[in-house]
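Q: Sending over a structure as C-alpha cells; questions will come in a sec.
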Protein chains: 2
Amino acid sequence: MTSFPLPPGSTIGILGGGQLGRMLAMAAARIGFDVAILTPEVDAPASRVAARTIVAAYDDREALAALADVAQVITFEFENVPARALEILAELGARTAPNARALAVAQDRVDEKTFLNGAGIPTVAFRAIDDLEALREALKDLGAPLLLKTRRGGYDGKGQVWVQRMEEAEAALAALGYRPAIAEAPADFRREVALIAARGRDGEIAVYPLTESHHENGILRRASAPATASARVIAEAERIAATMLAALDYVGVIGVEMFERDDGHLLVNEFAPRVHNTGHWTLDGCEVDQFEQHIRAIAGWPLGPTAPLIHVEMTNLLGDEVDRWPKLAREPETRIWLYGKREAKPGRKMGHVNRLRPLDG
Amino acid sequence: MTSFPLPPGSTIGILGGGQLGRMLAMAAARIGFDVAILTPEVDAPASRVAARTIVAAYDDREALAALADVAQVITFEFENVPARALEILAELGARTAPNARALAVAQDRVDEKTFLNGAGIPTVAFRAIDDLEALREALKDLGAPLLLKTRRGGYDGKGQVWVQRMEEAEAALAALGYRPAIAEAPADFRREVALIAARGRDGEIAVYPLTESHHENGILRRASAPATASARVIAEAERIAATMLAALDYVGVIGVEMFERDDGHLLVNEFAPRVHNTGHWTLDGCEVDQFEQHIRAIAGWPLGPTAPLIHVEMTNLLGDEVDRWPKLAREPETRIWLYGKREAKPGRKMGHVNRLRPLDG
C-alpha cells in the first residue's frame with residue numbers, strides 16, 4: 001500500500017518518454033526518487049536519465065502491471081495517454097496522479113470547454129461539430145471565421161483548420177478526416193498568457209508568476225516571466241487556476257493557456273494536465289521548478305515556493321535550430337536545455353534556452 | 001576520432017557511480033549529452049540517472065574498452081581511481097580529462113604538496129614518512145604535534161592520526177598500518193575556505209566565488225558562498241587556483257581547499273581533481289553550476305558564467321540526518337538534493353541542502 005508523503009528511495013512511474021518525462025525524471029532524482037518510464041519508444045529521451053524503462057504500448061496490461069509493481073505513484077507526461085491505460089492501472093490498484101477525470105476532460109476539446117464554462121470560467125464561444133449540418137449551424141450562430149479542430153488529439157497546431165466562409169465547411173471537415181470536431185469563435189485578444197499552477201494532496205495550491213507566451217504556426221516560440229501585468233489580471237488568472245484545480249480535485253502541476261482580451265479580461269484557451277512548455281522558464285527562474293513541483297505534489301510532499309528569483313525569457317529550439325548550440329553556449333546569460341532527441345525534424349522541439357536578466361524594478 | 005567541442009548527443013564516460021557522478025550525469029543530460037558510468041557497484045546512485053552503466057572493476061580492461069567504445073571523452077568522479085585505469089584508457093586511445101598527471105599528483109599527499117610548493121604555492125610544513133626514523137626526525141624538525149596521514153587513499157578524515165609526543169610515534173605508524181605517510185605541521189588558521197575553478201580545453205579559466213567551509217570530525221559539514229573576504233584574499237585564492245590549473249595543464253573543474261591564516265594569507269590544504277563538495281552550493285547559487293562547468297570543460301565547450309545569483313549555505317545530510325526530509329521539504333528557503341543511496345550509514349553523505357538568501361548588499 002502506498003502511503004503519502006512518499007519517502008526518498010520510492011519510485012515514480014511516468015507514462016511517456018519525451019522531454020517532459022526527461023525533465024520530470026531529473027527533478028525526481030534530485031530529491032532522491034527513482035524513476036521508471038513506460039514508453040513505446042526505444043532509446044527515449046527520458047529513458048536515458050531514468051533508473052528503469054519498460055518499452056511497451058501504453059495500454060499493454062502486462063507492461064502496466066510491471067510498472068505498478070515498481071512504482072508507488074504513476075503520472076503521465078502528455079495528455080494523449082489512452083484513457084484505457086489509467087483504467088487498467090486503477091484495476092491494478094495503482095495510484096495515479098493527476099486523476100483520470102482531469103485527463104479525460106483535457107483530452108476532449110468540447111468536454112474541456114464545457115467543464116470550464118460549467119466552473120464559471122470563460123472561453124471563446126464554441127460548438128461541438130459532428131457533421132456538416134452542425135458546422136453550418138455554428139457558422140450561422142457564431143459567424144465566420146471559425147477555427148475547426150479535432151475534438152481529440154492534435155497538438156502544436158496540428159489537426160486544425162480555419163473556416164472562412166460557409167462554402168469551405170465541407171472541405172474543412174474533409175481536411176480533418178471527418179473526425180468529431182469543435183468549432184471555435186476567434187479570440188479577440190491582445191496577447192497570450194499562461195499560468196503554471198500546482199495542487200498538493202492536501203488541497204494546497206501554489207501558483208507561479210504569469211507567463212507571456214508567443215506562438216508561431218501553432219507552436220510555442222517564446223515565453224517570458226514574470227509577465228508584466230496588472231494586479232487584477234494576475235488575480236483573475238490565479239482565481240481561474242485555483243477554480244479549475246479544485247473542481248477537478250487535481251493533484252500535480254497544470255498548465256493553463258489563456259487569452260488576454262483587449263478589455264483586460266481572460267479567456268481560457270486550453271489546459272494541459274501536466275507540466276507545460278510555458279513553464280520551462282521555472283527551471284532557471286524559481287527555487288523549485290515546475291518539474292520538481294509536480295513530483296512533490298504527486299508524492300504528497302509540501303509544495304515548494306514559486307516566487308521568481310530572476311526574469312527569464314524561454315525560447316524553444318525547433319528542428320535544426322538546435323545546431324546553434326555553439327553560439328548559445330557562448331552567451332553568458334543563456335542556460336541551455338537539450339532533450340537528447342536523435343533526429344531534428346522540422347518544427348520538432350529539440351531543446352530550449354532560458355535567457356536570464358535581473359527582475360524588473 | 002574525438003574532436004572538440006563535442007556536439008550534443010555525444011556520450012560522456014564517468015569512472016565512479018556516487019553522488020558526484022550522479023550530479024555530473026544530470027548536468028550532462030541537461031545540455032544534451034548521454035552518460036555512461038563505469039562502477040564496481042550494482043545499482044549505484046549515478047547509474048539511475050545515466051543512459052548506460054558498465055559494472056566492473058575500474059582497471060578491468062574489457063570494461064574500459066567497452067566504455068571507450070561508447071564515450072567520446074571520459075572523466076572520473078573521485079581521485080582514488082587506480083592510475084592503471086587511465087593508463088589502459090590511454091593505451092586504448094581514449095580521451096580522458098582531467099589528465100593522468102593531475103590525478104597522480106592529487107593521489108599522493110607528498111607529491112601534492114611537493115607540486116604545490118614547486119609552483120610557488122604555500123602549504124603547511126611537511127615530511128614524507130617511510131619509517132619510524134623519519135617520523136622522529138620530523139618531530140624534531142617541525143615540532144609536535146604533527147598530523148600523520150597516509151600518503152594515498154583516505155578521505156573524510158579517515159586514515160589520519162595526531163602525534164602529540166615523540167613517544168606516540170610508533171603507535172601512530174601502527175595505527176596507519178605502517179603505510180607510507182606524510183607528517184604535516186598544524187595549520188595556524190582562522191578559517192577554512194575553498195575555491196572551485198575550471199579550465200577549458202583552450203586554457204580559459206573560470207573561478208567561482210570563494211566558499212567558507214566548516215568541517216566536523218574531518219567531514220565537510222557546511223559551506224557558504226560567496227564568503228565574506230577581502231579583495232586581497234580573493235585575489236590570492238584566484239591566483240593560486242589559476243597557477244595550479246596552468247601548471248597541471250588541467251581540463252575540468254578542480255576543488256582547492258585552503259586555510260586562511262591569522263595574517264590573512266592562504267595555505268593550500270589539498271585539492272581534488274574533480275567537482276567538490278564545497279562547490280555544491282553552485283547548484284542553486286550560479287547560472288552554470290560546477291557539474292555543468294566540468295562537463296562543458298571536458299567537452300571543449302566554452303566555460304559558463306560563475307557569478308553568484310544568490311547567497312547559499314550548503315549543509316551536508318550525513319547518515320540518518322537524511323530522515324529530516326519531511327521538515328526540510330517545508331522550508332521555503334531550502335533546496336533539497338538527495339543522492340539515492342540505499343543505506344544511511346553513520347557519517348555517510350546521503351544528500352545536502354542549499355539554503356538560499358539574497359546576496360549581501
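Q: Pull out all pairs, ordered by first then second residue, where Cβ-Cβ is under 8 Å, the residues are six or more apart or on different chains, the first lies in the range B:349-361 and is touching a residue at least 24 places away in the same chain (Cβ under 8 Å), and the second is small (Gly, Ala, Ser) and buried (at least 19 other Cβ atoms within 10 Å of the Cβ).
A: B:Gly351/A:Gly32; B:Asn354/B:Gly285; B:Leu356/B:Gly285
Q: Looking at the range A:229-251, I want the residues that are closer than 18 Å to A:Pro98 by Cα and free of Cβ contacts under 8 Å to residues at least 60 places away in the same chain and have a partner that is surrounded by 21 or more Cβ atoms within 10 Å (Cβ to Cβ) and of a type outside the set (Val, Ile, Thr) with Cβ atoms under 7 Å, at least 6 apart or on another chain. Which pairs are those?
A: Every condition considered, the pairs that remain are A:Ala241/A:Leu195; A:Ala241/A:Ala197; A:Leu245/A:Ala197; A:Leu245/A:Arg199.
Q: Which residue, of B:Glu313, B:Glu257, is within 21 Å of B:Leu116 (Cβ to Cβ) and touching a residue at least 24 places away in the same chain (Cβ under 8 Å)?
A: So the residue among B:Glu313, B:Glu257 that is within 21 Å of B:Leu116 (Cβ to Cβ) and touching a residue at least 24 places away in the same chain (Cβ under 8 Å) is B:Glu257.
Q: For the range A:47-105, enumerate the residues that are within 14 Å of chain B (Cβ to nearest Cβ), in contact with a Gly (Cβ under 8 Å, 6 or more places away or on another chain) and of a type in the set (D, E, K, R).
A: A:Arg48
Q: Of the residues in the range A:68-94, how many are within 30 Å of B:Gly9 (Cα to Cα) and under 23 Å from the mean Cα position of the chain (by Cα)?
A: Residues in the range A:68-94 being within 30 Å of B:Gly9 (Cα to Cα) and under 23 Å from the mean Cα position of the chain (by Cα): 9 in total.
Q: Still on this model: So which residues in the range A:169-202 are surrounded by 15 or more Cβ atoms within 10 Å (Cβ to Cβ) and among the acidic types (Asp, Glu), if there are any at all?
A: If the condition is that a residue be surrounded by 15 or more Cβ atoms within 10 Å (Cβ to Cβ) and among the acidic types (Asp, Glu), then A:Glu184, A:Glu192 are the ones that fit.
Q: B:Lys140 fails exactly one of the following numbered conditions: (1) over 22 Å from the mean Cα position of the chain (by Cα); (2) charged (D, E, K, R); (3) in the same structural domain as B:Asp289 (by TED's automatic domain parsing). What is the number of that condition?
A: Among (1) over 22 Å from the mean Cα position of the chain (by Cα); (2) charged (D, E, K, R); (3) in the same structural domain as B:Asp289 (by TED's automatic domain parsing), the lone unmet condition for B:Lys140 is (3).
Q: Could you look through the range B:155-168, keep only residues that are surrounded by 17 or more Cβ atoms within 10 Å (Cβ to Cβ) and either without any contact (Cβ under 8 Å) to a residue 40 or more places away in the chain or small (Gly, Ala, Ser) (or both), and pick out the one that is nearest to B:Val288 (Cα to Cα)?
A: Here the residue is B:Gly159.
Yes/no matrix, rows are residues, columns are (1) facing another protein chain (nearest Cβ under 10 Å); (2) over 20 Å from A:His276 (Cα atoms); (3) surrounded by 22 or more Cβ atoms within 10 Å (Cβ to Cβ):
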{"position": "A:Leu15", "(1), (2), (3)": "no, no, yes"}
{"position": "A:Gln19", "(1), (2), (3)": "no, no, yes"}
{"position": "A:Met23", "(1), (2), (3)": "yes, no, yes"}
{"position": "A:Met26", "(1), (2), (3)": "yes, no, yes"}
{"position": "A:Phe33", "(1), (2), (3)": "yes, yes, yes"}
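Q: Having 2 or more residues that are more than 16 Å from the chain's Cα centre (by Cα), more than 14 Å from every other protein chain (Cβ to nearest Cβ) and buried (at least 18 other Cβ atoms within 10 Å of the Cβ) is the bar; report the strands (runs of 3 or more DSSP E) wholly within the range A:270-361 that clear it.
A: In the range A:270-361, the matching strands (runs of 3 or more DSSP E) lie at A:311-318.
Q: Further question on the same structure: For the range A:229-253, name all the residues that are assigned to a helix (DSSP H, G or I) and not hydrophobic (A, V, I, L, M, F, W, C).
A: A:Arg232, A:Glu236, A:Glu238, A:Arg239, A:Thr243
The values are calculated or read from the model by the stated rules, or taken from the named source; none is laboratory data. Just so it is clear, the structure is predicted and the values come from calculations on it, not from any experiment. Neighbour counts run over all protein chains shown; Cβ positions are idealised from the backbone, glycine included.
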